[in-house]
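Engineer: Got a structure for you, questions after.
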Amino acid sequence: MQLRRENILIVDDDLNILELLQRHLNSWDYHTYRAVSVKEAVSILSDSSIDLLITDLKMPEIDGFELLKFVSEHYPTIPKLIVTGFPSVQDSLAAIKSGVIEYLTKPFTKEELKTAVIKALPIRNTEEPPKPLNFNNETTFNEIIGKSEKIEEVLQLIGRVKNNKATVLVTGESGTGKELVARAIHYSGKFSNAPFIAVNCGGIPENLLEAELFGYMKGAFTGADKNRKGAFQAAQGGTLFLDEIGNASLAVQVRLLRVLQEKEVVRIGSQIPEKIDLRVVAATNSNLHEMIKQQTFREDLYYRLSVVEIDVPPLRERVVDIPLLVDKFLFKYGIEYKDRFIKMDTDALEVLKRYHWPGNIRELENVIQRAVIMCDKKVSLSNLPDHLKYTLDFPDEALTTLANMEKNYILKVLRATGNNKTKAAEILQITRKTLREKLKD
């Protein structure tokens with residue numbers, strides 16, 4: 001899939017509508033940013049190139065009319081599309097005065113939305129096919145290797161967000177390279193000279209995670225012998241990567257939500273807020289939607305973390321990339337252990353391409369590292385672990401009674417002892433008389 005050039009910002013406090021709009025727009029290959037408040041929308045507008053604004057009118061605190069007025073004066077070239085569940089003549093007139101091009105009333109059909117979007121976007125959309133954006137994998141994201149369609153989608157999304165501070169949520173199975181995506185977003189963009197701070201929310205005890213993230217003042221708790229900055233302050237101007245965000249406690253989630261909303265941090269033991277200006281990239285291999293249902297992850301935090309969502313595919317869905325990854329790791333560990341580039345037999349490579357890779361790229365790297373250590377001049381089948389190779393599935397023996405199983409085992413012992421009943425009885429720890437009786441049954 002090649003994304004269209006247009007970036008669309010969706011603003012709605014109704015999370016169901018927000019999700020629906022994004023799903024429809026993504027199905028037409030538009031790139032979307034989403035905001036659940038006017039404040040978040042203004043933040044996205046400030047550092048992102050937006051081609052269409054889709055907004056609700058009735059929202060808490062600051063409503064959609066205020067946003068329309070703001071956009072009309074600060075970003076007059078951005079077309080605006082209203083989606084509202086409370087239509088009125090007064091609202092329509094006010095919206096038209098604010099430069100709204102299209103007006104949709106909830107509920108609406110997918111086709112009605114598509115028609116409105118096409119009308120609202122610049123006229124070139126209807127006169128020429130959308131030109132996809134291509135990003136050079138080799139020069140821009142050299143740590144992320146692949147040519148499969150799914151990895152190309154990931155690279156396109158990285159290219160979209162690398163130069164703005166929109167919050168990004170990276171999802172995917174363990175070992176797929178989510179931190180590589182976060183680092184690519186940071187180091188390929190204009191904020192690359194600023195700090196990149198990574199915090200593993202699953203690797204730090206719950207009682208220490210808040211101190212690690214937000215910092216603390218001297219005397220705030222036992223062991224706090226001096227003032228200390230947290231990860232948010234350390235990443236100022238750059239990127240804070242929150243790995244395994246699904247493992248954060250509900251107490252930490254509440255504080256994170258406030259930080260993302262207010263753009264300020266209060267250290268533990270302090271009452272003075274500190275302004276922050278950074279990009280947050282979160283990652284998880286957990287199913288956050290399921291956690292939201294189980295009330296172990298806050299829905300409002302999820303939507304603030306996932307202004308843009310990047311799903312990293314598992315290795316089994318990008319088999320075409322395996323040879324490229326193998327070459328990368330062969331070179332890396334060949335130089336490290338053998339002081340030369342190591343090659344791999346075709347048969348061994350076919351085994352790697354056939355395997356399911358439940359541990360994804362991390363598992364592949366470990367296999368190649370071991371193979372390089374074990375090989376002489378070239379990696380062959382003999383250097384690969386047995387569990388990767390072809391296995392035989394022998395049919396299970398037919399189910400039988402306990403008495404039959406016992407008798408069959410007695411016969412097996414008799415065969416092993418050359419039909420010596422005395423020896424067999426000793427092994428079975430029964431008497432010869434009992435042995436004879438069991439053989440009669």
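The values are calculated or read from the model by the stated rules, or taken from the named source; none is laboratory data. Remember, predicted model here, so these are calculated numbers, not experimental data. Virtual Cβ from ideal backbone geometry, glycine too; neighbours counted across all protein chains shown. Just so you know, the surface numbers come from the protein's heavy atoms only, side chains and all, with ligands and any DNA or RNA stripped out. Shrake-Rupley method; radii C 1.70, N 1.55, O 1.52, S 1.80 Å.
Engineer: With an 8 Å Cα cut-off and a minimum separation of 6 or more residues, compute the relative contact order for the range 314-363 in percent.
Structural biologist: Reported relative contact order: 47 percent.
Engineer: Then there is this: Of Ala348, Ala184, Ala424, which is the most mobile in a GNM of the chain whose springs link Cα atoms less than 10 angstrom apart?
Structural biologist: Ala424
Engineer: I've got another one for you. Calculate, for the chain, the solvent-accessible area per residue in square angstrom, rolling a 1.4 angstrom probe over the heavy atoms of the protein chains.
Structural biologist: Heavy-atom accessible area per residue stands at 53 Å².
Engineer: Could you tell me the largest-minus-smallest coordinate of the C-alpha atoms of the range 381-441 on each of the three principal axes, in descending order and whole angstroms?
Structural biologist: 54, 25, 16
Engineer: Also, quick follow-up: With +1 on each Lys and Arg Cβ and -1 on each Asp and Glu Cβ, and nothing else charged, work out how big the dipole of the chain is about its Cα centre, in Debye to the nearest 20.
Structural biologist: Using Cβ point charges on Lys, Arg, Asp and Glu, the chain gives about 1600 debye.
Engineer: Report the residue, chosen from Leu121, Leu381, Leu428, that carries the largest GNM mean-square fluctuation when the chain is represented by alpha-carbon nodes joined by springs under 10 Å.
Structural biologist: Leu428
Engineer: Given the peptides 164-174, 250-260, arrange them by the average over their residues of other C-beta atoms within 10 Å, most packed first.
Structural biologist: 164-174, 250-260
Engineer: May I pose another question? For the chain, set up a GNM with springs between Cα atoms under 10 Å and report which of Pro358, Pro205, Pro79 has the largest fluctuation.
Structural biologist: Greatest mean-square fluctuation among the candidates belongs to Pro205.
Engineer: Among 362-369, 214-221, how do they line up by average Cβ neighbours within 10 Å per residue, starting with the highest?
Structural biologist: Put in order of decreasing packing, that is 362-369, 214-221.
Engineer: Of Lys190/Lys275; Lys162/Lys338; Lys110/Lys263; Lys165/Lys229; Lys114/Lys178; Lys39/Lys190, which pairs sit farther than 29 Å apart, going by alpha carbon to alpha carbon?
Structural biologist: Lys162/Lys338; Lys110/Lys263; Lys114/Lys178
Engineer: How much of the accessible area of the chain, probe 1.4 Å, is carbon plus sulfur, in whole percent?
Structural biologist: Within the chain, the accessible surface is 51 percent carbon and sulfur.
Engineer: Based on the Cα atoms of the range 230-295, what semi-axes does the equivalent ellipsoid have, where each is the square root of 5 times one gyration tensor eigenvalue, given in whole Å with the largest first?
Structural biologist: Working through the eigenvalues yields semi-axes of 23, 15, 9 Å.
Engineer: If you take the square roots of the eigenvalues of the alpha-carbon gyration tensor of the range 1-81 and sort them as a ≥ b ≥ c, do you get rounded (a/c under 1.5), prolate (a/b over b/c) or oblate?
Structural biologist: oblate
Engineer: Can you list, largest first and rounded to whole Å, the semi-axes you get for the range 266-395 by taking the square root of 5 times each eigenvalue of its Cα gyration tensor?
Structural biologist: 42, 21, 13
Engineer: Can you tell which of Phe329, Phe297, Val312 lies farthest toward the positive end of the dipole of the range 294-369, using +1 and -1 charges on the Cβ of basic and acidic side chains (Lys, Arg; Asp, Glu)?
Structural biologist: Of the candidates, Phe329 comes out farthest on the positive side.
Engineer: Still on this structure: If I take the Cα coordinates of the range 337-420 and project them onto the principal axes, what are the three extents in Å, biggest first?
Structural biologist: Reported extents, whole Å, longest axis first: 62, 29, 20.
Engineer: Rounded if a/c is under 1.5, else prolate if a/b is larger than b/c, else oblate: which is the chain, with a ≥ b ≥ c the root eigenvalues of its Cα gyration tensor?
Structural biologist: Prolate.
Engineer: In deg cm²/dmol and to the nearest 500, what is the mean residue ellipticity at 222 nm of the chain if only DSSP H runs of at least 4 residues count, each as -39500 (n - 2.57), divided by the residue total?
Structural biologist: Roughly -12500 deg cm²/dmol at 222 nm, from the helical runs in the chain.
Engineer: Charges on Cβ only, +1 for Lys and Arg, -1 for Asp and Glu, centred on the Cα centroid of the chain; of Ile373, Ala231, Gly202, which one is farthest towards the dipole's positive end?
Structural biologist: Ranked along the dipole, the leading option is Ile373.
Engineer: Rg and Dmax in Å for the range 290-338, alpha carbons only: what are they?
Structural biologist: 18.8, 52
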